[in-house]
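Reviewing the structure listed below.
The values are calculated or read from the model by the stated rules, or taken from the named source; none is laboratory data. Because the structure is predicted, anything quoted here is derived from the model rather than measured. Cβ coordinates were reconstructed from backbone atoms using ideal geometry, including for glycine residues, and neighbour counts include every protein chain displayed. Please note that ligands, DNA and RNA were not included when accessible areas were found on the heavy atoms of the full protein model with its side chains. Shrake-Rupley method; radii C 1.70, N 1.55, O 1.52, S 1.80 Å.
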Amino acid sequence: MSKMTIPLGPQHPALKEPVNFTLVLEGEQITGSTVNLGYNHRGVEKAAESRTFLQDIYLIERVCGICSHSHTTCYITCVEELAKALVPERALAIRTLVAELERVHSHLLWLGIAGYEMGFETLFMYSWRDREQVLDCLEMVSGNRVHYGINTIGGVRRDITAEQKKIILSKISYLEERTKYYVKLGTEEPTVLARTQKVGMLPHDVALERGAVGPTARASAVKRDVRKDEPYLIYDKLDFNLITHDTNDVFGRLVVRVLELVESYKIIRQVLNYLPEGPIAVKVPAKIGPGEAVSRYEAPRGEDFHYVKANGTDKPERVKVRAPTMANYPSVSYMLDGGYLADVPMVIAAIDPCMSCTDRAMVYDNKAGKVQIYGWDDLRKYGIEHYKKRGIDFSKM
Amino acid sequence: MKKPARALGEVLSNLFKEKATCNYPFEKAVVDARFRGRIAFESDKCIGCKMCVRACPAKAIEIILSAEQPAAAPVAEGAVPVPAKKKFDCIMSLDRCIYCAQCVDICPKKALISTQDFELAHTDRRTLILHYK
């Protein structure tokens with residue numbers, strides 16, 4: 001059988017950042033895949049060097065839309081360590097609260113996208129409708145749905161009132177009910193199982209070897225979570241479980257994320273009950289350093305890493321960001337190998353990238369010398385049709 | 001354990017639920033009181049310290065001396081003349097503004113205010129540069 005090469009990306013709705021996958025196909029089966037990076041170089045790290053520490057918060061926040069709080073908290077932890085600022089306990093609790101609300105919103109978003117990619121649009125609609133509840137909480141606490149801007153050097157910018165606490169608790173109980181239903185749906189519905197089980201396999205030792213992080217690693221039974229390994233904020237005072245799964249496939253990643261939602265609700269309740277009295281921020285001088293600091297943070301997608309070097313002025317000398325998706329790319333290439341073309345959207349979506357723009361994938365048939373262009377919609381349709389022929393049909397439910 | 005048609009009951013029960021969406025352009029959308037919208041400026045409170053200009057991450061604010069300055073208060077005989085408080089204008093470039101409201105937080109005299117105004121899209125970029133007097 002002749003081999004075909006398909007470029008997937010760099011501009012692609014299922015990719016978190018523009019990235020290019022070159023897939024080598026033999027018939028429907030993938031025999032080789034390469035990841036090519038470097039399409040989305042925005043120069044954020046360099047731009048951070050020409051802004052003050054305070055201005056950088058808003059720049060770093062825009063590294064990623066969905067993990068905006070993760071990046072700022074990770075960066076600000078470095079800056080506060082350099083400035084030797086003692087952040088009030090209440091500020092740390094509010095940061096933890098926003099972090100967990102963000103995790104809930106990110107995982108619900110992922111659940112919807114996973115449903116969409118497998119052709120289960122009912123799940124997509126329901127989980128995105130429920131996600132509005134947590135976005136409302138975030139807007140109420142911080143003032144915005146996506147770029148919260150809650151962090152400032154030395155604390156947080158907005159306090160939490162007793163009334164807000166009540167509203168968040170009521171919304172969380174609603175979401176908890178809904179999540180119980182999603183757990184049932186995800187683990188018992190035969191159509192979901194057929195699309196996710198034994199797809200995108202990542203064995204335990206390969207996950208360790210390729211340095212997978214976050215839910216991708218935890219679904220391969222790797223006990224890795226910065227919140228447990230190296231507690232930051234107030235995670236050492238909270239009681240929650242580290243969720244792992246041992247099926248090593250997309251199904252495992254689904255289960256890990258849905259069960260992590262339940263843990264996040266637990267954390268949010270504990271934080272709101274704990275919330276110590278006191279100030280929400282301390283004053284920190286504009287000039288910081290000299291020195292250097294690193295910090296790790298468990299973002300919804302995995303471990304986020306920041307490095308800041310200060311030289312005693314009001315601007316950092318160097319800022320380095322390692323986002324979690326970057327750490328998961330080597331695993332994607334392993335997961336794609338040996339799988340079917342129809343599973344590509346599911347496997348790539350399973351590391352939790354996010355929607356950006358549209359793209360066309362080109363299928364080149366060497367033998368006939370023909371080129372066929374696949375849009376993302378066509379590829380998705382192809383995946384759904386492929387499974388329909390094998391009796392997995394969501395329209396018959 | 002496989003149980004088919006798990007979604008069916010949920011779909012049927014949702015037939016009788018209220019709509020989750022709102023008819024936005026025809027119905028007014030409500031934002032929270034903490035929402036960070038267009039920044040408003042009160043000239044009589046401004047002391048021209050330009051803290052906002054230095055803090056703005058997007059370089060969207062300019063504080064300039066007003067063209068018309070208020071006249072100094074009449075000086076009583078023998079008293080030291082008191083100079084009139086200077087008046088400042090603010091040029092806010094909404095096409096650059098990222099609505100972080102850092103300027104509102106940093107202003108020592110609360111001359112900048114965050115409003116709930118969010119319907120700011122425009123076809124002409126020049127109309128987004130507001131001159132507050």
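Structure notes:
- Residues considered: A:Lys198, A:Lys165, A:Lys184, A:Lys171. Of these, the only one that is more than 21 Å from the chain's Cα centre (by Cα), closer than 25 Å to A:Pro345 by Cα and away from every other protein chain (no Cβ under 11 Å) is A:Lys198.
Condition check ((1) touching a strand residue (DSSP E or B) at 6+ places or on another chain (Cβ under 6 Å); (2) closer than 22 Å to A:Arg218 by Cα; (3) at pLDDT 85 or above) across all residues:
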{"site": "A:Glu263", "(1), (2), (3)": "no, yes, yes"}
{"site": "A:Ile268", "(1), (2), (3)": "no, yes, yes"}
{"site": "A:Tyr274", "(1), (2), (3)": "no, no, yes"}
{"site": "A:Ile288", "(1), (2), (3)": "yes, no, yes"}
{"site": "A:Phe305", "(1), (2), (3)": "yes, yes, yes"}
{"site": "A:Lys315", "(1), (2), (3)": "no, no, yes"}
{"site": "A:Val344", "(1), (2), (3)": "no, yes, no"}
{"site": "A:Asp352", "(1), (2), (3)": "no, yes, no"}
{"site": "A:Asp359", "(1), (2), (3)": "no, no, no"}
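- There is at least one residue in region B:38-47 that is in contact with a Cys (Cβ under 8 Å, 6 or more places away or on another chain) and polar (S, T, N, Q).
- So A:Met118, is it more than 11 Å from chain B (Cβ to nearest Cβ) and open to solvent by less than 30 Å² (accessible area, probe 1.4 Å): yes
- Scope region A:281-295; condition among the β-branched types (Val, Ile, Thr) and open to solvent by 60 Å² or more (accessible area, probe 1.4 Å); matching residues: A:Val294
- Within region A:127-162, the set of residues being among the aliphatic types (A, V, I, L, M) and more than 9 Å from chain B (Cβ to nearest Cβ) comprises A:Val134, A:Leu135, A:Leu138, A:Val146, A:Ile150, A:Ile153, A:Val156, A:Ile160, A:Ala162.
- Enumeration of residues in region A:296-325 that are open to solvent by less than 10 Å² (accessible area, probe 1.4 Å) and either among the hydroxyl-bearing types (Ser, Thr, Tyr) or part of a strand (DSSP E or B) (or both): A:Tyr297, A:Glu298, A:Ala299, A:Gly302, A:Asp304, A:His306, A:Val308, A:Ala310, A:Pro316, A:Val319, A:Thr325
- Options A:Tyr116, A:Tyr75, A:Tyr58, A:Tyr126: the member that is touching a Cys at 6+ places or on another chain (Cβ under 7 Å) and not assigned by TED's automatic domain parsing to the domain that holds A:Val344: A:Tyr58
- Residue in region B:102-110 that is surrounded by 11 or more Cβ atoms within 10 Å (Cβ to Cβ), among the β-branched types (Val, Ile, Thr) and assigned to a helix (DSSP H, G or I) present: yes
- Against the numbered list (1) more than 11 Å from chain B (Cβ to nearest Cβ); (2) on the phi > 0 side of the Ramachandran plot, A:Ala83 comes up short only at (2).
- Leading residue by the ranking (nearest to the other protein chains (Cβ to nearest Cβ)) among those in region B:18-64 that are of a type in the set (Asp, Glu) and over 30 Å from A:Glu132 (Cβ atoms): B:Glu62
- Pick from region B:84-129, criterion in contact (Cβ under 8 Å) with a residue 60 or more places away in the chain and more than 14 Å from chain A (Cβ to nearest Cβ), ranking: farthest from B:Gly48 (Cα to Cα): B:Leu120
- When the helices (runs of 4 or more DSSP H) confined to region A:140-223 are screened for residues that are of a type in the set (Gly, Ala, Ser), those reaching at least 2 such residues are found at A:162-188, A:214-218.
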